[in-house]
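Where a number appears in this text, it was derived from the coordinates with a stated rule and is not lab data. All values derive from a computational prediction rather than experimental measurement. Counting neighbours? That spans all protein chains shown, and the Cβs are built from the backbone with ideal geometry, glycine included.
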Amino acid sequence: MGSRCIVDTAESLETLMSRYQQADESAAAALVERVTPLLRRYFLLQASNRPHADDLLQDTWMRLHRARHTYRPEEPVLPWIFAIARYASLDHYRKVIRREARERQVEVLPEPAGQVGGGAEALDIDTMLTALPEAQREVILMLKISGMSIEEVARATSSSPGSVKQKAHRAYQKLREILKAKENRS
Amino acid sequence: MTPEDIGRRLEDAAQLAFPEGGAGDRAAAQRAEAAILGDLRPVNPMAPDWLHALILVLWFVAAAVDSASFLGMEGLRALGNGQAALIFAALLSAGWLGAVACARLMRPATGRNLGPTAWVLACSLVAVVFAILFHGYDTAHFVQDGIPCLRAGLFIATPTGLVIGLLLRRGLVLNWGAAGLAAGTVAGLAGLGMLELHCPNLKAVHVLVWHVAVVAVSGGLGFALGRMSGEFE
């Protein structure tokens, strides 16, 4: 059964995760509080996931909870969390594709209920992110929005640091062009 | 404009569109806490990857040796000492790579996916070793001699692969296709190992096609089965 101990707010995510594995309730709650905003933003910033961001987040936490024994204490925790989040998102995407294939005969599909905000401001970030291919967008989101290092992104995406650097470089080039064009227009 | 500037612009735009720490974040965190805190039990972290890899290599060696000792070691007797040393060193190296690939695929975020590399390298390495060691390219009884070897190899590979699949399920496999490919490769190497110990046919064309095919086919079957089981996860 879970036990409650005092949580130091400066404690690393790795320490919190280790204590969560030992069923420490306060560490689990602190980990959820610190990681949820990162994960939620990761889902919200992918336009295709936006209407289901909260469901995806809940699904990811359930997967993380079931698989918590697969985290090894000496390793960085964010890549482990994001690798699981990434597959939750991928599974969700596959389900949507399958559902859409079944419903193709319906001419007008109803708009999914928007669970989250993001009006005109979302368009600005969308303009930047939708210009990037999926793989580059994912790398940029993890690097710049979730604050992970190149090595951590490589772990989370099962690729090499060289490949991550290359994707990030190409994404920067494209984003630079978009931002310059925007500045010229204004 | 440096990458840092671009990052700052992205961060600002993201913060504007979806402010961090808002009511949505708090509500989502509360829901997640409620879901996981009700089922909080201590768990032991999984054993290190090298230990899982070692278990898999021991399993593949045991499967090959046990089945060959049951069927007869005529193949080993037909090989010279140098040939045997080179073949079994290649098999062990390829098996170790396949086992490491399996062990890494059991946990999220362990780095680059080695499944396809293990399959390609295993097939190529044993093919190169066979091409160097063996001669004889006449195709008399090519199919009649080959089919029983392929069948026997796959007969050993199948249960070996299924047991590896059970071990994989102890972790969290995110990419079942790659995990199936790696598991099929290790299982196929067990079948190939058995054939090298048992089959006395040392014609290059026979071993290059029918013996190597055990690893290639087993990897392919593992990939297909992995993809299918991934759909059910």
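Note on B:Q30 and B:Y137: the extension gain reaches 31.5 nm, defined as 0.36 nm multiplied by sequence separation minus the Cα-Cα distance. Note that chain B, at 37 °C in a medium of 0.692 mPa s, gets a Stokes-Einstein diffusion coefficient of 164 µm²/s from its Kirkwood radius over C-alpha pairs. Placing a pseudo-label 7 Å from each Cα along the Cα-to-Cβ vector at B:M228 and B:R170 gives an inter-label distance of 2.6 nm. Placing one equal scatterer on every Cα of the range A:117-186 and applying the Debye formula, the log10 ratio I(q)/I(0) at q = 0.19 Å⁻¹ is -0.76. Charged side chains reduced to their Cβ positions (Lys and Arg at +1, Asp and Glu at -1) give the range B:127-233 a dipole of some 200 debye around its Cα centre. The Kirkwood radius of the range B:95-161, taken over pairs of alpha-carbon atoms, gives through the Stokes-Einstein law at 20 °C and 1.002 mPa s a diffusion coefficient of 147 µm² s⁻¹. If you look at the Cα atoms of the range B:119-216, you get an Rg and a Dmax of 14.5, 48 Å. A full extension of the chain between B:D5 and B:L162 corresponds to an added length of 51.4 nm, given 0.36 nm per residue minus the alpha carbon distance. Rounded to the nearest 20, the size of the Cβ-charge dipole of chain B about its Cα centre is 320 debye, with Lys and Arg at +1 and Asp and Glu at -1. Modelled spin labels at B:A62 and B:A204, positioned 7 Å past Cα toward Cβ, are 3.8 nm from each other.
Partner shielding of A:69-76 amounts to 6, given as the average count of beta-carbon atoms from other chains within 10 Å of each residue beta-carbon. Here r is the Cβ-Cβ distance between B:F155 and A:A135 and R0 is 41 Å; the resulting FRET efficiency, rounded to 0.05, is 0.50.
In units of the compact-protein estimate 2.2 N^0.38 Å, the range A:9-105 shows a Cα radius of gyration of 1.21. For the range B:69-80, 3J(HN,Hα) computed residue by residue from phi via the Karplus equation (6.51, -1.76, 1.60; θ = phi - 60°) reads 5, 6, 7, x, 9, 4, x, 5, 5, 6, 7, x Hz, glycine and proline entered as x. How far is the Cα center of the range B:106-151 from the Cα center of the range B:1-50, in Å? A separation of 44 Å, based on Cα centres. Straight-distance candidates among the lysines for linking to A:K174, with alpha-carbon spacing under 27 Å and chain neighbours fewer than 8 residues away dropped: A:K144, A:K165, A:K182. 3J(HN,Hα) along the range B:8-24: 5, 4, 5, 4, 5, 5, 5, 5, 5, 6, 9, x, 7, x, x, 4, x Hz, from the Karplus curve 6.51 cos²θ - 1.76 cosθ + 1.60 with θ = phi - 60°, whole Hz, x for Gly and Pro.
Modelled spin-label separation between B:L37 and B:M73, with each label point placed 7 Å from Cα along the Cα-to-Cβ direction: 6.3 nm.
Considering only B:V120, B:F155, B:L86, whose Cα is most displaced toward the positive end of the charge dipole of the range B:49-232, charges sitting on Cβ of Lys, Arg (+1) and Asp, Glu (-1)? Selected residue: B:V120. Available extension along the chain between B:D12 and B:N44 is 7.5 nm, counting 0.36 nm per residue and deducting the alpha carbon span. Taking every DSSP helix (H) stretch of at least 4 residues in chain B, weighting each as -39,500 (n - 2.57) and dividing the sum by the residue count yields a mean residue ellipticity at 222 nm of -25500 deg cm²/dmol.
Just going by the charge dipole of the protein assembly as shown, with Lys and Arg at +1 and Asp and Glu at -1 on Cβ, which of B:V143, A:S26, B:N201 is farthest out on the positive end? So the residue we want is B:V143.
If R0 is 41 Å, the Cβ-Cβ spacing of B:Q144 and A:R66 corresponds to a FRET efficiency of close to 0.20. Three principal axis extents of the range B:27-147 based on alpha-carbon atoms, in descending order, are 73, 28, 27 Å.
Working note: Debye formula, equal point scatterers on the alpha-carbon atoms of the protein assembly as shown, no solvent; log10 I(q)/I(0) at q = 0.07, 0.10 Å⁻¹ is -0.44, -0.79.
Structure remark: mean-square fluctuation, Gaussian network model of chain B, C-alpha springs under 10 Å; the largest value among B:A35, B:A68, B:A216 belongs to B:A35. Distances between placed amide hydrogens fall under 5 Å for A:D24 paired with A:S3, all partners being 5 or more residues away or on another chain. Each Lys and Arg Cβ is given +1 and each Asp and Glu Cβ -1; about its Cα centre, the protein assembly as shown then shows a dipole of about 440 debye.
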